[in-house]
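The values are calculated or read from the model by the stated rules, or taken from the named source; none is laboratory data. Everything quoted here is computed from the prediction, not taken from an experiment. Virtual Cβ from ideal backbone geometry, glycine too; neighbours counted across all protein chains shown.
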């Protein structure tokens, strides 16, 4: 609805741009636009340019599919990381989440999606061939599947598992269970059941 | 928190830019950035440029203070509008809201804020002098105050009312009362009290 009734193409274009972002309606888009209208010109220029530069200059690592600023992937080229383990994820976002934990020191493999016949995404649209190639390398000891649960994620995990069948690597999946701080009472049955099935030796610190 | 752990200046700059918008945290900012990373380059270029162009090219009407694309304010220069009435608002946003109702056909006056000693905003920082000048013009018959309630808005309304005291114009304020569709039960006492005090003749259609 906003600001259709007012005759400003300049404002409307900026509102349209913001309204194209996920989860942003026209009222919020207008709020963003009016906020920037009150900022200094150089700040707004920096805003727009940083977004354009990100899209134009970010490249993708030919090995793991992660974004990188230059030619060297900061993860693949980090000699301190354990290059015998590859964690398979759906997108860049999951790499950032896992990196944020500070708990993982192996490499990644970004598939770029999951198999989804409904959206017309088949195995050949994902970087699965490259993953098999990497797993076949003598260095690789383990492949960790960290895809989402749900039909598509599980189908993709199973497909990859089958593809890796003839190769001498361990294939594991991240643990599913009751989250830290979660109440057992409010945990769904599937998660709770799995967390009992996959119990681990108690390890007092 | 996001994506401090990952070494990409290009991504970080874009996330920082989005995170500077009102109500946008770093997680949402990352979501916006990753969304644009998947869009075609020309679409992202259009996104950034429309924001920069808006900031650089939008001008302000010297009469009413509203934004305009060129030299002519689409409201002040519209001959079909009633130029004997001026509606005083705090910002551009209120003009857009009122225009959206389609119920008002007079002119506006955008103050650019309200008197707020806490924020160091005094009467001289607002377009009040210009309003007095416009109200003094023979054409102007009525000034409608449409500022927010609350101390600052009411102080500003009162200040304007005093400034217009010697001038031959009617000064009115928008009606406050129970909103359409609101339950009386959940309406605050002040609003409900005012809506009874300011009752209007019943007018069956």
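List, please: which pairs have Cβ atoms under 6 Å, are six or more places apart or on different chains, and start with a residue in the stretch B:186-205 that is under 21 Å from residue B:172 (Cα atoms) and end with one that is assigned to a loop (DSSP other than H, G, I, E, B)?
Listed by first residue and then by second, the contacts come to B:194/B:176; B:195/B:177; B:195/B:178.
Only one of (1) crowded, with 16+ Cβ neighbours inside 10 Å; (2) more than 8 Å from chain A (Cβ to nearest Cβ); (3) over 21 Å from residue B:123 (Cα atoms) is not met by residue B:72, so which one is it?
(1)
Could you please give the count of residues in the stretch A:27-69 that are more than 7 Å from every other protein chain (Cβ to nearest Cβ), surrounded by fewer than 21 Cβ atoms within 10 Å (Cβ to Cβ), under 20 Å from the mean Cα position of the chain (by Cα) and in a loop (DSSP other than H, G, I, E, B)?
So the count comes out to 3.
Of the conditions (1) assigned to a loop (DSSP other than H, G, I, E, B); (2) facing another protein chain (nearest Cβ under 7 Å), residue B:103 satisfies every one except a single condition; which number is it?
The single condition residue B:103 does not satisfy is (2).
If we keep just the residues of the stretch B:1-19 that are in a loop (DSSP other than H, G, I, E, B) and facing chain A (nearest Cβ under 7 Å), which is modelled with the lowest pLDDT?
B:1
Of the residues B:75, B:98, which is outside any helix (DSSP H, G or I) and assigned by TED's automatic domain parsing to the domain that holds residue B:133?
Working: B:98 fails: outside any helix (DSSP H, G or I).
Every option except B:75 fails the conditions.
Taking the stretch B:108-143, which residues are more than 14 Å from chain A (Cβ to nearest Cβ), in a strand (DSSP E or B) and buried (at least 20 other Cβ atoms within 10 Å of the Cβ)?
The answer is B:109, B:143.
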